[in-house]
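The values are calculated or read from the model by the stated rules, or taken from the named source; none is laboratory data. This structure is a prediction, so every number in the text was calculated from the model and none was measured. In this analysis, Cβ positions are derived from the backbone assuming ideal geometry, glycine residues included, and neighbour counts consider all displayed protein chains.
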Amino acid sequence: MAPVHRFLRFLGLQAKAAIFGILLLTAIIASRLWWPEAAPLARYDALVIFAVTTQVVLLATRLETWEEAAVILLFHASGTAMEVFKLSQGSWDYPDQGLLEIGGVPLFTGFMYAAVGSYIARSLHLFNIVITPYPPFWMTVVLGLLIYGNFYAHHFLPDIRVLLFAGTLALFWRSRLHWSLDGRSGRIRLPLAALLVALLVWVAENVGTFTQTWTYAGQGEFDVVSLKMLGSWYLLIHFAFVTVTLVTRDALGPTANLPDEGAVNHRGKR
């Protein structure tokens, strides 16, 4: 396969992995541009209905598996809980109103977090990813809990995110994502992959603020989201990854399972 065709194939699979997030982000942009002020249905509520409908359609058409839906449910719950807490602390705000909300947080926001978990779970399958060497599973769970807990605790206790950054490198630096695509294979260190995904999420977050779907304290309508949030997303990507492994561990392999550089992993591609 020619390099340009392989690159297009790569982009296509990336889009397929991120389909839930892409559709939701498209709905956010479209509703900001064309939602009438006098509409009987609030924009936020329409986004909730759209997210749920999209989820049902993806499952019905088998573009998404029940395993991936379980990941979405877990990440939706943890994301919504954090949103409620952060809103109460004044970290950000939702300028519009709606009926489908919890503690002032529109329910569609949980799906934004869930889209990240969905992307990770789908990428593992679509690119036949094997991660090796993989650290002791219990250590990854502890790190994930510390990352998630610090998003709450730093409001009352010293912020330990610097230690958490170091923890991700100490635990995962040796871990590589080995992927295969149409007879070709490659690899990337897990922390670097997490940083790249965090950068994409940070870009999507700017779309959210530019459309005034949510706003950060002291941020103007066209102000770029602080790069500090890129670090937060980097940590949250690691938490998302650990959450995915609570549902499926097919991609986790010890050093003994390290695939050859030129070999194609036949773990099964959808």
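Here are some notes:
- Of the helices (runs of 4 or more DSSP H) that lie entirely inside region 61-167, those containing 3 or more residues that are of a type in the set (A, V, I, L, M, F, W, C) and free of Cβ contacts under 8 Å to residues at least 60 places away in the same chain span 66-88, 137-153.
- Region 212-257, subset of a type in the set (Val, Ile, Thr) and closer than 28 Å to residue 142 by Cβ, residue modelled with the highest pLDDT: 237
- Residue-level analysis places residue 147 among those that are under 27 Å from residue 25 (Cβ atoms) and touching a Leu at 6+ places or on another chain (Cβ under 8 Å).
- Residues that are touching a residue at least 24 places away in the same chain (Cβ under 8 Å) and over 11 Å from the mean Cα position of the chain (by Cα), drawn from region 200-226: 205, 207, 208, 211, 212, 213, 214, 215, 216, 217
- The set of residues in region 9-43 being under 16 Å from residue 98 (Cα atoms) and either surrounded by fewer than 16 Cβ atoms within 10 Å (Cβ to Cβ) or over 19 Å from the mean Cα position of the chain (by Cα) (or both) consists of 31, 32, 35, 36, 37, 38, 39, 40, 41, 42, 43.
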